[in-house]
Amino acid sequence: MYIDSHCHLDRLDLSGFNQSIANVVSSATAVGVEKMLCVSVTLEEFPSMVEKTRPFDNVYLSCGVHPLNQEQVTSIDQLEQLSATEKVIAIGETGLDYYYAPETKELQLDAFVKHIQVARNVKKPLIIHTRDARKDTIDLLRSEHGQDVGGILHCFTENWEMAKQAIDLGFYISFSGIVTFKNAHELREVAKQVPADRFLIETDSPYLAPVPHRGKQNQPAYVVEVAKHLASIRGCSVEDIAVQSTQNFNQLFDL
């Protein structure tokens, strides 16, 4: 059985699923995906995400503001209040993205600090997006004591040095469909080295569909392809990847 540790079910184009998230979920469960974590990117859209996923006992939620969504100042009180919603098991996604939005660096840093503070207050792990911000991401996690709650560096695309620093702080490294891409040589080296008890798998649906579905809309069912590629990289069976990543997810979120 597999777990998609990061997806955005509320952002899928449902035209190929008869306009039904239920069909997305059933497609995933049909190939052995037993749980999904649907990740928040804005607080304004969070209530809608909750309603859309409410019928599904195997879909968990996070609550947070993506670093590229800095149109409004993040409210600690609002974030903390919404994080008490049923099935919310994580805070985020939060973090830093200097690749797409270096101009909002200060806003991103402020929001990231607030998310870490809330995560520590409510004792829930963090879901972290990081791109071209290696030093600041690790420095903030250290200075704000992110290791008190731990979490996931999701859709990891950085180097082994950063991965090791995050692992040393108690974080997990999550691999997406990017690990299947031809030019992801450095990432595959990271995938070889991450300890067995520190990796997760994800789709980041509807984005970044893995080979052989690259170019199509991603969906949670495709996390199986990520697992297959990871098994090949690490020289083990896909069953080993499924069992270990599931165990890691359940360990992190105490499920």
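Residues in segment 54-75: is at least one part of a helix (DSSP H, G or I) and more than 19 Å from the chain's Cα centre (by Cα)?
Within segment 54-75, none of the residues are part of a helix (DSSP H, G or I) and more than 19 Å from the chain's Cα centre (by Cα).
Is it the case that some residue within segment 186-201 is modelled with pLDDT of 95 or more, open to solvent by 30 Å² or more (accessible area, probe 1.4 Å) and under 19 Å from A133 (Cβ atoms)?
For segment 186-201, residues modelled with pLDDT of 95 or more, open to solvent by 30 Å² or more (accessible area, probe 1.4 Å) and under 19 Å from A133 (Cβ atoms): present.
Conditions tested, residue by residue: (1) open to solvent by less than 70 Å² (accessible area, probe 1.4 Å); (2) touching a residue at least 40 places away in the same chain (Cβ under 8 Å); (3) closer than 14 Å to Y172 by Cβ.
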position: N69; (1), (2), (3): yes, no, no
position: I76; (1), (2), (3): yes, yes, no
position: T85; (1), (2), (3): yes, no, no
position: P102; (1), (2), (3): no, no, no
position: L109; (1), (2), (3): yes, no, no
position: R120; (1), (2), (3): no, no, no
position: I127; (1), (2), (3): yes, yes, yes
position: K135; (1), (2), (3): no, no, no
position: H154; (1), (2), (3): yes, yes, yes
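Six or more apart or on different chains, Cβ under 9 Å: which pairs go from a residue in segment 204-223 that's over 11 Å from H8 (Cβ atoms) and without any contact (Cβ under 8 Å) to a residue 60 or more places away in the chain to one that's open to solvent by less than 10 Å² (accessible area, probe 1.4 Å) and among the aliphatic types (A, V, I, L, M)? Could you list them?
P210/V179; P210/V223; P210/V226; G215/A209; K216/A209; Y222/A28; Y222/A209
Within segment 19-26, is even one residue open to solvent by 10 Å² or more (accessible area, probe 1.4 Å) and on the phi > 0 side of the Ramachandran plot?
Yes, segment 19-26 has at least one match.
Can you confirm whether M49 is of a type in the set (A, V, I, L, M, F, W, C), farther than 27 Å from I241 by Cβ and surrounded by 15 or more Cβ atoms within 10 Å (Cβ to Cβ)?
Against the criterion (of a type in the set (A, V, I, L, M, F, W, C), farther than 27 Å from I241 by Cβ and surrounded by 15 or more Cβ atoms within 10 Å (Cβ to Cβ)), M49 qualifies.
The values are calculated or read from the model by the stated rules, or taken from the named source; none is laboratory data. Given the structure is predicted, the values throughout are model-derived calculations rather than measurements. Neighbour counts run over all protein chains shown; Cβ positions are idealised from the backbone, glycine included. These area figures cover heavy atoms from the full protein model, side chains too; ligands, DNA and RNA do not enter into them. Shrake-Rupley method; radii C 1.70, N 1.55, O 1.52, S 1.80 Å.
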